[in-house]
Amino acid sequence: MVAAFARTASSIAWAGPVQVVADQLAEEVLSVSSADCCAFSLWSRFGSVELIGAAGEPPDYRERVREAIALGAPMAANRAYRARVEIVEDVRTLVANDPRFAPVAEMVAAAGWTSLVAIPLMVRDEPVGVLVAMYAHDKQPNRSDIKFLEAMADHGALAVRTASLLNEAKDKAILEERNRLARDLHDAVSQLLFSMGLRTRALQLAVERPSGDPAAVLLPGLKELQSTIESAVDEMRALIFHLRPVKLRGHDLASALRRHAEAVSERDDGVCVDVTVTSDLPVVPPEVESQIYRIVQEAVGNSVTHARARRIEVRLSAGRGAACLLAEVVDDGIGFDPEHDRPGHLGLANMRARAAEINGELCITSSAAGTTVRFEVPVASNKREMI
């Protein structure tokens, strides 16, 4: 019995799918007790009993039990919720005298089951499932059997709780990953698509109002459009394979920002983006670099698209002490109200979310004279958390 408990604890610690763990628990019940069949069931979210694991059961056990439940048969599993232990000493008579048990009556007779024990699985004093052990050939569970089954029911409840926590963690991870992809799509690809739309419209106007040689206007514009499309494709590939932003691959943060500034200045007529970097920048982990790059990219994009800025300055320097990095984006645009949420515009929310992920402080000030986005991140604390 001690060995069975050890194996059971090991299976729960393995934290596999709850169905697999339930099958293992049922096997342990048969290996130690005098039971001939064991099954674990859970209450589904629709209020019905759902079999999740069994051992020693006939081939059609699951289907027949489902049919009996559908007919409204008063299953011992249900009665076990009102009592810690439910014992049925004459299973054959019970199923033979109630037509609702018709789907299982023949199976019970063929298996020779004469009695059963049902014990609820309790999580935080709430029943979430039930263990049912069947005994054949006039065998009756003794006191030791019932104590063992109660202990195994506790293990089953622990397995259910572990699986529930793992599912919650998985759901949270999926949600966070979806949010990350949404931010990356907005910050990178949507800006490139917006630029492609502007380029395409400019080419349409050039065709509609030809002046001189159309090729002289169209060819350079088409080359720029092709370059933008290639950048969008590269960004999508980077997102699909969970890589760093395209401009960061093979480059440090300062170089990547300079390349981005050059691309924006070349792409948007009349816009000048300058990058100033001091020589005392702290070493930044790649994960933090990626978030800083995206924040600056979003800020520059907002300056061009929404603030209609003509001059934008990006500054990188050491923050308060050598353990911090300070990034600033300053423009001469028309300004806006940073506290006012604009439906359908996710840029500011994305910037704040990225800053929070790496423990950074984001401050935005804006007026009719322009906007300043100031972002400081404690590099040392991020290093410690990533170890």
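Miscellaneous remarks
- Considering the stretch 251-264, and only residues there that are over 33 Å from the mean Cα position of the chain (by Cα) and either crowded, with 16+ Cβ neighbours inside 10 Å or among the aromatic types (Phe, Trp, Tyr) (or both), the residue that is nearest to Ser279 (Cα to Cα) turns out to be Arg258.
- Of all the listed residues (Met152, Met75), the sole one being of a type outside the set (Val, Ile, Thr), surrounded by 15 or more Cβ atoms within 10 Å (Cβ to Cβ) and touching an Asp or Glu at 6+ places or on another chain (Cβ under 9 Å) is Met152.
- In the stretch 285-318, the residue that is nearest to Asp332 (Cα to Cα) out of those that are surrounded by fewer than 22 Cβ atoms within 10 Å (Cβ to Cβ) and among the hydroxyl-bearing types (Ser, Thr, Tyr) is Thr305.
- So Leu121, is it in the same structural domain as Gly156 (by TED's automatic domain parsing), under 22 Å from Asp154 (Cβ atoms), part of a helix (DSSP H, G or I) and at pLDDT 85 or above: no
The values are calculated or read from the model by the stated rules, or taken from the named source; none is laboratory data. Owing to the predicted nature of the structure, the values given are computational and were not obtained by experimental measurement. Here Cβ is always computed from backbone atoms with ideal geometry, including for glycine, and neighbour counts include all displayed protein chains.
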